[in-house]
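The values are calculated or read from the model by the stated rules, or taken from the named source; none is laboratory data. What you see is a predicted model; the values in this text were computed from it and never measured. Virtual Cβ from ideal backbone geometry, glycine too; neighbours counted across all protein chains shown. The area values use the complete protein model at the heavy-atom level, side chains included, leaving out ligands, DNA and RNA. Shrake-Rupley method; radii C 1.70, N 1.55, O 1.52, S 1.80 Å.
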Amino acid sequence: MLPFRLLSIFLLALIMTTDAVSAQQNSRENSDDDESEEVIRNVRFTGNSNVSNRSLRTLVRTRNNREFLGIPRFTPWYYIWRVTGRGESPALLDRETVSNDMDRIRVFYENQGFFDVEVDTTIVEYRPNRFEVSFLIREGRPSSIRSVSYTGLPDLDDELVEDFFSGSLYAGSVSDDSTFSVREQYNSQKLRQEQTRIIDFLKNHGYAAAQRDSVRALVKADPDEPKQLDVLYSIRPGDFYTFGNVYITLDGPGENGDNRDTMKVEGPPYALEGYSIDMNKQESAHTQFSLLKEQLHFTPGETFDQSAYLRSINSYQNLGMMLINRFGLSEDSSLPDYSKSEIPVYFELQTLPRHSIRTEFFGMRRYGFGTGIGVNYVNNNLFGRAENFTLGVNTNLEYVTSSTLSEIAPVDEDGNRTSTGSTLFQSYEVRAEYSVPRLNFPFEFVSVYDWIESGRTRYTLSYSQSNQLLFDINSDIRFNLRYELRHSPRFQSFIDLVELDVVDTNPSTQFRNRLIEDFGENSIEFLRIEEDFRPQFSTILRYTLRAQNTNLIRRDYGYFSEYSIALAGNVPYLMDRYLVNPGEIDGSLPSPFGISTNDLAYSRFLKLTADFRRYIPMTDNSVFAFRLFGGYAHLIGETDAMPLNRRFFAGGSNDIRGWDQFLLGPGATPAGDLTRPGGDIKLAAFKEFRQIFMRNLLNANWHIAWHTDAGNVWYGPRNEFLDEDDRDILEDGRFQFDSFYNQIAVGTGLGLRLDWEFLVARFDLTMRAHDPLQGWFDDRRLYFSFGIGHSF
């Protein structure tokens, strides 16, 4: 509570003291001026049964002041302005704007097929200089499109003709070779989208000069049924073109010129006979000519294809080590010369500086508050083919209070947790990464397919040590070979072909003492728990599909989703079975290179995760967001427990708030019972309602947020832990269909968001609405959490 109280005092003092003197001087003037001005207090829409109020509000410019939580006429920021001179100035009535809004509404409806729409308005002064503006809409009947036809299509192969018609936005029931029977409401936007599709089709098949006026949609009403429309797309494709020669110029990062190298490749396989690729570069560019050629998705002399030309531009951009200063279909970036049948292509490129060093300082909070520093060296063109090499070192310190440590401390004679005193958690990581902007073996063959926009192969090697609440990581050596496939701006795939991890952990001192106090040092329970902390060797093969359509910082529209499937442990299993002791399975391997004095245990499992997040704008200033998460790990073979670093955990500022990281669950495990932390199953749901209540204070938008988080982790059916009497120690935390819903933790509360364009700072206070151990609303304490970025 103390950090939040200090924060609250600071923010309150800041708001109340900022320009306080000038605010007091201006408040009376603002109040007097406001009383004499025509202020809009409400905007209404009537008669709009086919269009929502929200759609119309975003369309018109006549608006009242922002309403808090959508409550009519409750505009606190306007009231603050009247009193203090700070906040939101009044929304004034402008009759010319109202008139223009009537035209906007009328045009909007006509674009939806309501050609008989009538829009009127009433402006009511319900008290002196306070107005309500109402837009009165009589929609009428909408018109429908009965058929869509095409004429003027150029002479194409039968396969291309079939592709053209199958790609139509109106594809459906076919009346004849060039006509679709549609029967849907008129929509001018869809008609324009179909026009754009036709133009793009022409440009992608040689008709480079096709423009907006090359395709016209002619709309005709049925004389007997005026609401029934027939649409004819009249196509004038123009002349046919091929790609001409390609000219590529590459400059180095400096402003001063130096010696240049030139290369010209002619004929197959790089160009058709009689065509060439002309390249020249500065020596300071340190780039191979082969890299420049490989980014072209077309061949000089081939049929002009705008999509291949645009993919080539994207390929240069995705290299990550150069800028595109200019590109075009003419030498001076003007319109192409359509008088000739060949269209040349020009690229002017410039490499970025090869070497850079970046230092960053950051704050953090897991169990306490901490800070850290990171240093990264980057070489973004290591061998001249856009290879990126990064070497980074990160270290941090985290102050953990005695109250947090006491949650896993032994119990004294009076039943109280023994105080262990505060401490500092330390961690560091050394990380080396090498990546190339292409797919290497064995996936290089998929680069030629249309469903792959670009690819990258990434090799990562890291070494880290860290202190945790329950255990200390003495060493964690990890190697990862990942293939990143970009399918479109929204869709990406990740294939982790090889992920090797050798981790050596020990239970923390507090945790070990607690286990000895609970079970006894030589008990079977203690020995079994120690097995969790044996050095582990794991290998994982994983596929991940990610889809997103949102701003990853602000997260105020669209969606984000990620789904993965992983198979682990087969490599060490095969080594154990066929190499170490052929024919025998020990469940462990000798430690290579002396990494650990102990044998390395391994586990085999299948792991599935699904993560979906949706961000729904409610008004211009508010967003409703929710997230659904599910994860399941199925143990394979003789494996009876998930590795500690592969389990699902719950709690923390980015998960279920109100519980510290790692300390929620599994299931209804009694508080402080840390027999086997983490689980094999996780279910969680999160929601937030965010409302902007102040703009541009300290250059940030200020949000108030109401959040509710719910979920837990559970042991799976194959996770076994029997005591000396063969009793299931994990029973309270095991997933059961008939009781798991009673073990779902629920936290709810309010928070504050400071939203800069590049960063979001988050402060939350959470109450445990439902604790699986205590029931509903038995814990009335408030739990503070801090984070950078939205929690989801």
Of ILE704, ILE744, ILE788, ILE692, the only residue that is over 28 Å from PRO617 (Cα atoms) and touching a strand residue (DSSP E or B) at 6+ places or on another chain (Cβ under 8 Å) is ILE744
Extreme residue, most open to solvent (accessible area, probe 1.4 Å), among residues of region 295-312 that are assigned to a helix (DSSP H, G or I) and within 13 Å of VAL246 (Cα to Cα): TYR309
Those residues that are surrounded by fewer than 17 Cβ atoms within 10 Å (Cβ to Cβ) and outside any loop (DSSP other than H, G, I, E, B), I need them from region 688-724; list them, please. ARG695, ASN696, LEU697, TRP706, LEU722
A careful count of residues in region 587-642 that are in a strand (DSSP E or B), polar (S, T, N, Q) and either modelled with pLDDT of 95 or more or within 30 Å of GLU67 (Cβ to Cβ) (or both) gives 3
Pick out the one residue from ARG727, ARG768, ARG690, ARG753 that is of a type in the set (Lys, Arg) and at pLDDT below 90. ARG727
Enumerate the pairs (first residue in region 31-54 and among the polar types (S, T, N, Q) and in a strand (DSSP E or B); second residue anywhere and surrounded by 15 or more Cβ atoms within 10 Å (Cβ to Cβ) and at pLDDT below 90) with beta-carbon separation below 6 Å, excluding pairs fewer than 6 apart on the same chain, so at least 6 apart or on different chains. ASN42/ASN64
Looking only at region 342-368, how many residues end up being touching a Phe, Trp or Tyr at 6+ places or on another chain (Cβ under 6 Å) and of a type outside the set (D, E, K, R)? 5
I'd like to know if region 58-81 contains one or more residues that are under 23 Å from ILE616 (Cα atoms), surrounded by fewer than 19 Cβ atoms within 10 Å (Cβ to Cβ) and hydroxyl-bearing (Ser, Thr, Tyr). yes
If we scan region 321-331, do we find a residue that is more than 21 Å from SER454 (Cα to Cα), hydroxyl-bearing (Ser, Thr, Tyr) and free of Cβ contacts under 8 Å to residues at least 12 places away in the same chain? no
Check whether at least one residue in region 144-160 is under 38 Å from the mean Cα position of the chain (by Cα) and open to solvent by less than 60 Å² (accessible area, probe 1.4 Å), and report yes or no. yes
Among the residues of region 85-102, write down those that are touching a residue at least 12 places away in the same chain (Cβ under 8 Å) and acidic (Asp, Glu). GLU88, ASP94, ASP101
By residue number, the members of region 216-230 that are within 40 Å of the chain's Cα centre (by Cα) and open to solvent by less than 50 Å² (accessible area, probe 1.4 Å) are ALA217
Enumeration of residues in region 90-115 that are surrounded by 15 or more Cβ atoms within 10 Å (Cβ to Cβ), part of a loop (DSSP other than H, G, I, E, B) and not small (Gly, Ala, Ser): PRO90, LEU93, GLN112, PHE114, PHE115
With the requirement that a residue be open to solvent by 40 Å² or more (accessible area, probe 1.4 Å), among the hydrophobic types (A, V, I, L, M, F, W, C) and under 30 Å from VAL219 (Cβ atoms), what does region 116-143 give you? LEU136
Give me the pairs: first residue in region 164-181 and closer than 16 Å to ALA217 by Cα, second residue surrounded by fewer than 13 Cβ atoms within 10 Å (Cβ to Cβ) and modelled with pLDDT of 90 or more, beta-carbon distance under 8 Å, and six or more apart or on different chains, which are they? LEU169/GLN193; SER178/THR151
Matching option when the condition is over 25 Å from GLU387 (Cβ atoms) and exposed (fewer than 15 other Cβ atoms within 10 Å of the Cβ), among ARG358, ARG326: ARG326
Would you confirm whether or not region 208-215 contains a residue that is over 38 Å from the mean Cα position of the chain (by Cα), closer than 25 Å to SER181 by Cβ and not hydroxyl-bearing (Ser, Thr, Tyr)? no
